[in-house]
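Encoded as structure tokens, the structure appears first; notes follow it.
Just so it is clear, none of the values below were taken in a lab; they were calculated from the coordinates. In this text, all values refer to a predicted model and were calculated from it rather than measured experimentally. Note that we place each Cβ from the backbone using ideal geometry, even for glycine, and neighbour counts take in every protein chain shown.
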Amino acid sequence: MDWHISLLFFYVFAVLKSLGQRRYLRKTGLPSSVVASMNYVLGIFPLALVVGLLLPHHVDWSWWVICLLVIEGFAIGLCNKLFVRAIKRLPISLFQTLNQSGTIFVILGGWVLLGETLSMMQMIGVVFILAAAVLSAFAAKSKKRAQPIQPGTVKLVIIAAIIMSVGLLTEKAALGHMDIGGYFIFGIGSQALFVTLIALKDMNKKVWKAVTRSDIRNNVVVGMVGVLGGFSYLYTVSAADNIPLVVSLNSFVLPLTALGSYWLLREREDQKKLWGSIALGMIGVCIAAL
């Protein structure tokens, strides 16, 4: 399968996950760390394990590979907790726009650490895509009276985005030592382990009693959609072999999510800016990917 096609699949699954997660998090009162852990344990890892076993899953084991898996597992596991907390507090467009700050660090890290660079045309496309992401955030305008942003939330998202960029770069390095199936088993397994360890301090009898069938059902569904998006992303990264390019192209998820939140979640945006961001993003994707 061509990586351009897998990128389209990633767009679909990423938007569905974002919208489903946002809708669920507006209702649940569970701690963010517990939600992130349930998402992995109930939805992401079981399906990832099955897919990983069905695919070639050879791993060239070494202490370096183990170190990479520990770093990416902790970084991505921690970010999932921080992102869940932030999604509860921010409109989805603003959250994802702030999250795009990590793209810059991935581009720099891919260049310095992995030797992966962008061509001039790809850089132009990336500028269009990031501009689309920013414009879609300015389009965000709640139908209801805007709620004040809790202190530290913006800083929380930016810090999480930086940590996530470390996780993504380490993930890309780990993929060089194993098949995708192996990463689904051990890489995502590492993330599930660390996100659960992080959640242990918030897990008590009161929290367990508060868990409902709806919580379980929502985390299973969101997790399964997330792992489908993860498979599409990992295949795209492996096939394109350029993580700065792929992560930059992934930024187009933001305008698409803003459009979905407008229609499905009733988070009303300025339509001119919203459609402007979609147009900019599509131009950027075409320039950078073709």
Do the alpha carbons of any pairs in K172/K201; K17/K206; K17/K155 sit beyond 26 Å of each other, and which pairs? K172/K201; K17/K206
Need the C-alpha centroid separation for region 160-187 versus region 42-89, integer Å. 7
Label L108 and A210 with points 7 Å out from Cα along Cα→Cβ: what is the distance between them in nm? 3.8
What order do you get for T170, T196 when you list them from fewest to most C-beta neighbours inside 10 Å? T196, T170
Region 161-234 - Kirkwood radius from inverse mean 1/r over Cα pairs (Å): 14.3
If packing is taken as the average number of other Cβ atoms within 10 Å across a peptide's residues, how do 107-115, 235-243 rank, most packed first? 235-243, 107-115
